[in-house]
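Undergrad: Quick one: the structure is below, questions incoming.
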Amino acid sequence: MVKTLGWLCAAAAISLSVGAAQADTIKVGVIGTMSGPYALFGKNYKMGIDAWVAEHGNTVAGHTVEFVYRDEVSPNPAQSKALAQELIVKEKVQYLAGLYFTPNAMAVAPLLQEAKVPMVVLNAATSSITEKSPYIVRTSFTMFQNTVPAAKVAKQKGAKKVAIAVSDYGPGIDAETAFKKTFETEGGQVVEAIRMPLNTTDFGPIMQRIKNSGADMIFTFLPAGPPTLGFVKAYIDNGLKAGGVKLMSTGDVVTEPDLPNIGEAGLGILSTYHYAVSHDSPENKAFLALLQKGGGKLDEVTMTSVAAYDGARLIYKMIEATGGKSDPDKAIAAVKGMQWVSPRGPVSIDPDTRHITQNVYLREVEKADGKLINKEIDTFKAQPDWGLAKQ
Amino acid sequence: MQTLLGILPDALAYGMVLFTISIGLSIMMGLMRVVNLAHGAFAMIGGYLASFALTSLGVSYPIAILIAVIGTVIVSVPFEFLLYRRIYRRSDELTQILLTIGITFFIVGIANYIFGPTSKPIPLPDLLKGPFDLGLRMIPAHRLFVIGCGVVTAVALWLLIEKTEFGVRLRAAVDNGDMAEALGIRTQIVYSATFALAVGLAAFGGVVGAELLPVEPYYALRYMVTFLVVVSVGGAGSVTGAMAASLLLGLADTTGKYLAPEFGEFFFYVAVIVIVYVFPHGLFGKAH
């Protein structure tokens, strides 16, 4: 018995000393779509984070930072929650980051307070996510943030009757609400609001319905990925573009990797978004150079790489502020109100909503040097998340 | 009336895509008694090959279709020789399902590895691009092409099975394999040729239907149920049945999407339940 106790003590001592040695490595769990139809965006997380690490090294305040990746694949809340638990319990991560889909981010949120782990959301764009836990910050965008300017532009461009078609899930409904509210306040009329199931691939009937509604502009949001291409093609091929119906969308529908597939028929499509790969600034040029140096291809860059790059900045700041110790309150306090110039333009973290305040750009699909790009033609400065902002 | 005219061309096009892809599966299930869950995977291979031929080799659209069909048949040869040959008309359904779903996962993984996870474009020739004015409404020119392909496929298959020497042999081999063999029909060759035909049709459907069912690695799994449903509603092995089922289900799905898009595929499956309830062997199926 005594002998057993002795062994136990020895074991405990060893595990303690191992624990102390490990404290020098701070792990950050990144949950992203690394495989499946949305893998491009997970790949961009990694490209963005790698770029940050390449620029700033992997040590902060004497601690080595290690990023551990997990694959979220698809909108699957239970699986994402399990991945987060595994990262917290087994990998002992001090920070979480990533999450492409809203339902997945929502499922992870309740764990944060209990585990005292701050999380940086790198994509999921439903406004209310940051309200689900005080330990969430977000460096991506929200539907409200990008949609409110879209509705204002729609009015300026002379649209009177708009048909809204959005994917039938959290961010889609946010986009619909934001557009409808803003556009009607501005004096426009919404003649049709269609919610399309996430797995829709044939948009012909929807286009026909929009056409019959007599709308002169479509506003749409679908999560960036395979369906957006089908939607834009259906819009062109069903004669709506030729018939003078304009298409207005958030930038998710015309991500740069999809533009070559949409082809020249896409010229002139308007969108509002927080980041265009063609954004003209020294910060963005340096960022793109870093991505390419790290093996990334320019044709594959999407908004998630910028969100990840800025997310890594926040995580480094939090580690620095806490001296590498687990102190989520101090960590979150350190990034509230933080300001910097991101590759997308000047940004800051709103201390109340913990969401990123940034410029939203109006872009038009144009051809430059033989390549289709989203050319920024107007800027809406320092947009907060209109869904959470106190009005 | 305007609504109806709005829906019908889309319904017809979607139905024809379903038909072109599913008819190969119907032949496999009806004539060879193989529940080939990997059918969609072969359609997907066709799509990938066409995409590769068009974007990387720069060939014309008809040539790309040809490359896709022949290429997919060639790819399927080792599968036929090593695996499918063992399950024609003999083994129980469980073995068939486990084998073919295994093949499906295998092909999904390989496609993901080689071509990446994003959907692949199949650029259309200028002739099929853009809208076509029907007078009543605009329709994508490509949809008309798809409808034409469906009709041609149906007529050609009907002629092949009902009017040719090969069709006679095939039907003989199917009705009574041993007797057909005793009469000098080499059933193994007939079966292999039918398998190649089914795979080729899948590839063809995968290419021409790519505008409606985009080619990506999960294609094989995503539409598996849809194709199976068409076959079971139409009755396995029946060309007429597959055609009727495709058009009916295409109509149900498109109407649902037009009138109540938020219901998703609800109307599609309601139609399936009703038809299968009234015709347990499918519209034109025979009880086995």
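The values are calculated or read from the model by the stated rules, or taken from the named source; none is laboratory data. Owing to the predicted nature of the structure, the values given are computational and were not obtained by experimental measurement. Please note: Cβ atoms are built from the backbone with ideal geometry, for glycine as well, and neighbour counts cover all protein chains shown. SASA here: full protein model, heavy atoms, side chains in, ligands and nucleic acids out. Shrake-Rupley method; radii C 1.70, N 1.55, O 1.52, S 1.80 Å.
Undergrad: Condition (residue is within 14 Å of another protein chain (Cβ to nearest Cβ) and either assigned to a helix (DSSP H, G or I) or open to solvent by 10 Å² or more (accessible area, probe 1.4 Å) (or both)) applied to region B:20-37: is it met by at least one residue?
TA: Yes, there is a match, as at least one residue in region B:20-37 is within 14 Å of another protein chain (Cβ to nearest Cβ) and either assigned to a helix (DSSP H, G or I) or open to solvent by 10 Å² or more (accessible area, probe 1.4 Å) (or both).
Undergrad: Given the conditions (1) surrounded by fewer than 24 Cβ atoms within 10 Å (Cβ to Cβ); (2) facing another protein chain (nearest Cβ under 8 Å); (3) in a helix (DSSP H, G or I); (4) more than 26 Å from the chain's Cα centre (by Cα), report the number of the one that residue A:242 does not fulfil.
TA: The number of the failed condition is (3).
Undergrad: Moving to a separate point now. So which helices (runs of 4 or more DSSP H) stay within region B:171-288 end to end and still have 1 or more residues that are small (Gly, Ala, Ser) and within 14 Å of chain A (Cβ to nearest Cβ)? I'd like the intermediate steps shown before the answer.
TA: On the way: elements: B:177-182, B:187-208, B:219-222, B:224-234, B:239-259, B:266-278.
Passing ranges, in order: B:187-208, B:219-222, B:239-259.
Undergrad: While we're on this one: Do the conditions hold for residue A:128, that is, is it within 14 Å of chain B (Cβ to nearest Cβ) and among the polar types (S, T, N, Q)?
TA: Judged against the criteria, residue A:128 is not a match.
Undergrad: If you don't mind, there's one more thing I want to ask. Checking residue A:113 against (1) in contact with a Leu (Cβ under 9 Å, 6 or more places away or on another chain); (2) surrounded by fewer than 24 Cβ atoms within 10 Å (Cβ to Cβ); (3) assigned to a helix (DSSP H, G or I), only one condition comes out false. Which one?
TA: (1)
Undergrad: Additional query: For the condition in contact (Cβ under 8 Å) with a residue 12 or more places away in the chain, in contact with a Gly (Cβ under 6 Å, 6 or more places away or on another chain), closer than 27 Å to residue A:379 by Cβ and of a type in the set (D, E, K, R), what is the one hit in A:155, A:180?
TA: Working: A:180 fails: in contact with a Gly (Cβ under 6 Å, 6 or more places away or on another chain).
Result of the check over A:155, A:180: A:155.
Undergrad: Something else about it: Within region B:126-143, can you find the residues that are touching a residue at least 24 places away in the same chain (Cβ under 8 Å), in a helix (DSSP H, G or I) and more than 8 Å from chain A (Cβ to nearest Cβ)?
TA: Within region B:126-143, just B:128 meets the criteria.
Undergrad: Based on this model, can you work out whether residue A:313 counts as in contact (Cβ under 8 Å) with a residue 24 or more places away in the chain, over 27 Å from residue A:175 (Cα atoms) and either more than 20 Å from the chain's Cα centre (by Cα) or not in a loop (DSSP other than H, G, I, E, B) (or both)?
TA: yes
Undergrad: How about region B:99-125: which of its residues are crowded, with 17+ Cβ neighbours inside 10 Å and more than 8 Å from chain A (Cβ to nearest Cβ)?
TA: Those that are crowded, with 17+ Cβ neighbours inside 10 Å and more than 8 Å from chain A (Cβ to nearest Cβ): B:99, B:100, B:101, B:103, B:104, B:107, B:108, B:111, B:115, B:120, B:122, B:124.
Undergrad: Looking for whichever is under 30 Å from residue B:4 (Cα atoms), touching a strand residue (DSSP E or B) at 6+ places or on another chain (Cβ under 9 Å) and open to solvent by less than 10 Å² (accessible area, probe 1.4 Å) here; the options are A:165, A:150, A:97. Which one fits?
TA: A:165
Undergrad: Select, from B:48, B:14, the only residue that is assigned to a helix (DSSP H, G or I), surrounded by 24 or more Cβ atoms within 10 Å (Cβ to Cβ) and out of contact with any strand residue (DSSP E or B) (no Cβ under 7 Å at 6 or more places or on another chain). First the steps, then the outcome.
TA: Values: B:48 fails: out of contact with any strand residue (DSSP E or B) (no Cβ under 7 Å at 6 or more places or on another chain).
Just a single option satisfies the conditions, and that option is B:14.
Undergrad: Report the residue count in region A:184-213 for those that are open to solvent by 40 Å² or more (accessible area, probe 1.4 Å), within 12 Å of chain B (Cβ to nearest Cβ) and outside any strand (DSSP E or B).
TA: 5
Undergrad: I'm trying to understand the selection: among the residues of region A:251-269, which are assigned to a helix (DSSP H, G or I) and either open to solvent by 40 Å² or more (accessible area, probe 1.4 Å) or within 13 Å of chain B (Cβ to nearest Cβ) (or both)? Spell out how you get there, then give the answer.
TA: In the first step, residues of region A:251-269 are kept if they are assigned to a helix (DSSP H, G or I); the result is A:251-254, A:256-262, A:264-266.
Listed by number, the residues that qualify are A:256, A:257, A:258, A:259, A:260, A:261, A:262, A:264, A:265, A:266.
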